[in-house]
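Written below as structure tokens is the structure these notes are about.
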Amino acid sequence: MDTTYADSFIVEGKLSLPYQYFAGRTGSKFIISLRDSKKILGVRCNTCNKVFVPPRSTCERCFADLTQSWVELKDTGVVTGFTVIRYEEPHQPVKPPYILGMILLDGADTPFPHIVKGVPISQMKTGLRVKAVFAKKTTSTIRDIDHFLVDESQKIEIGYTYDELEIGMAATFTKTITETDVYLFAGISGDFNPMHLNEEFAKKTPFGTRIAHGALPQCLIAPVLGMKMPGLGTVALEITTRFRAPTYFGDTITARAEVVEKIEAKRWVRMALTWTNQHGKLVAEGAALVIPPTPLS
Ligand SMILES: [Zn+2]
């Protein structure tokens, strides 16, 4: 008999099979309690004191019968581990990417997996406190808890990370430069050049009146880089500036930074900088090399 199948043509296929199964007495009570009273139940072993959520009928440690030892758990807990789901397949509860965390409820000894929301993936970490958010519509499954939401107060806000930044992203900061600013800046810098402070002296210069220190409008780029683009946590490595026009008292200066290059090898970012006044005139231009913020541990 010929046992080679060189001519066989294989057709790949998938079957969808509807099915039912009994959740068990313990599992049923857990799901019904979630569905009808939004209560998360567990069981406590009276021998070893361990609390199991989701409940089980036998203690894994001392084999005691737990079917009569129900306890109600709080809807809050802590994330003890997590993974980020990035691939996509038809049976997922939500669209990837999403965070699947191991949730240890307060008062429980066993964690269980569930969806974590309310924190950017880049800032997800173990130890975050979470609270159950119940689904609006019941599905009679563990998804009657829609997800666990990260407690807002623990989030550490950072700016755009290297991976989040794209060429062309930009931000601005605008401020009116007053005489007060110039005097304060003279004190801070020690630069008491009469061009900035003495109107009679300044009248005899090519500008005909007092002008601000060049570094005063220049430093308006700091709130852009450090607070907006890339934002909180940014480290500046290099800032170059070419001054094009004077800043007069009362001028309103807009400092702008735009991402122009991502340096993959170092994960640094180069930004193009401009400073313009209220007439749209270019006061200065330059470039910055920065390390964008990295997620804090
Ligand atoms: Zn036990």
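How much length is gained on full extension from A236 to D36, taking 0.36 nm per residue of separation minus their Cα-Cα distance?
Additional length available on full extension: 66.5 nm.
Taking 30 Å as R0, compute the FRET efficiency from the Cβ-Cβ separation of E261 and C219 and round it to 0.05.
E(calc), rounded to 0.05, equals 0.80.
Please give the length that would be gained between S140 and L184 if that part of the chain were fully extended, namely 0.36 nm times their separation in residues minus their C-alpha to C-alpha distance (nm, one decimal).
9.2 nm is the gain from fully extending S140 to L184.
Tell me the accessible surface of F22 in square angstrom (1.4 angstrom probe, heavy atoms of protein chains only), to the nearest ten.
150 Å²
Hey, quick one: spin label on T176, modelled 7 Å out along Cα-Cβ, who in the range 235-258 has an amide N within reach, i.e. under 16 Å?
Under 16 Å, as judged by backbone N against the label point of T176, lie 248-254 of the range 235-258.
Enter the angle in degrees (range 0 to 90, nearest 10) between the Cα long axis of helix 179-189 and the first principal axis of the Cα atoms of the chain, meaning the one along which they spread out most.
Roughly 80 degrees, rounded to the nearest 10.
Given N residues in the chain, what is Rg(Cα) / (2.2 N^0.38 Å)?
1.63
Starting from the range 101-198, pick out the GluC sites (Glu not before Pro) whose DSSP state is loop and whose Cβ has at most 10 other Cβ atoms within 10 Å.
E166
If you average the alpha carbon positions of the range 90-151 and of the range 250-296, how far apart do those two centres end up, in angstrom?
Rounded to whole Å, the Cα centres lie 39 Å apart.
If you stretched the chain out fully between E157 and Y87, how much longer would it get, using 0.36 nm times the residue separation minus the C-alpha to C-alpha distance?
That pair, E157 and Y87, stretches by 22.5 nm at full extension.
Once both labels are modelled 7 Å past Cα along the beta-carbon direction, what's the K203-K125 spacing in nm?
Label at K203, label at K125, 6.1 nm between them.
If K74, K14 are ordered by their accessible area, calculated over protein heavy atoms with a 1.4 Å probe, which sequence runs from highest to lowest?
K14, K74
Would you mind getting me the FRET efficiency between N49 and D106? Use the beta-carbon distance for r and R0 = 22 Å, nearest 0.05.
That pair, N49 with D106, gives E of 0.90.
W70 accessible area, nearest 10 Å², 1.4 Å probe?
Its accessible surface works out to 60 Å², give or take rounding.
Give me Rg over Rh for the range 1-117, both radii from the alpha carbons and Rh done the Kirkwood way, two decimal places.
Answer for the range 1-117: 1.19.
Under a point-charge model restricted to the Cβ atoms of Lys and Arg (+1) and Asp and Glu (-1), what is the dipole moment magnitude of the chain relative to its Cα centre, in debye to the nearest 20?
700 debye
In whole angstrom, how far apart do the alpha carbon centroids of the range 181-239 and the range 1-80 sit?
After rounding, the separation between the Cα centres reads 66 Å.
Tell me the accessible surface of M195 in square angstrom (1.4 angstrom probe, heavy atoms of protein chains only), to the nearest ten.
Its heavy atoms expose roughly 50 Å² to the probe.
Mind listing the Cα extents of the range 143-221 along all three principal axes, in Å, largest one first?
77, 29, 19
Can you give me the orientation-averaged projected area of the convex hull built on the Cα atoms of the range 188-275, in nm²?
That works out to 6.8 nm².
I want to make sure I understand the PRE zone here: with the label point 7 angstrom from the Cα of E72 toward its beta carbon, which residues in the range 20-50 have backbone N atoms less than 19 Å away?
Within reach of a label on E72: 27-45.
Any chance you could give the angle, 0 to 90 degrees and rounded to 10, that helix 24-37 forms with the longest Cα principal axis of the chain?
Between the helix axis and the principal axis of the chain, the angle is about 50 degrees.
The values are calculated or read from the model by the stated rules, or taken from the named source; none is laboratory data. Being a predicted model, the structure only gives us computed values, none of them experimental. Because the Cβ atoms are built from the backbone with ideal geometry, glycine has one as well, and the counts that use them run over all protein chains shown. Only protein heavy atoms, including side chains, enter the accessible area calculation; ligands, DNA and RNA are left aside. Shrake-Rupley method; radii C 1.70, N 1.55, O 1.52, S 1.80 Å.
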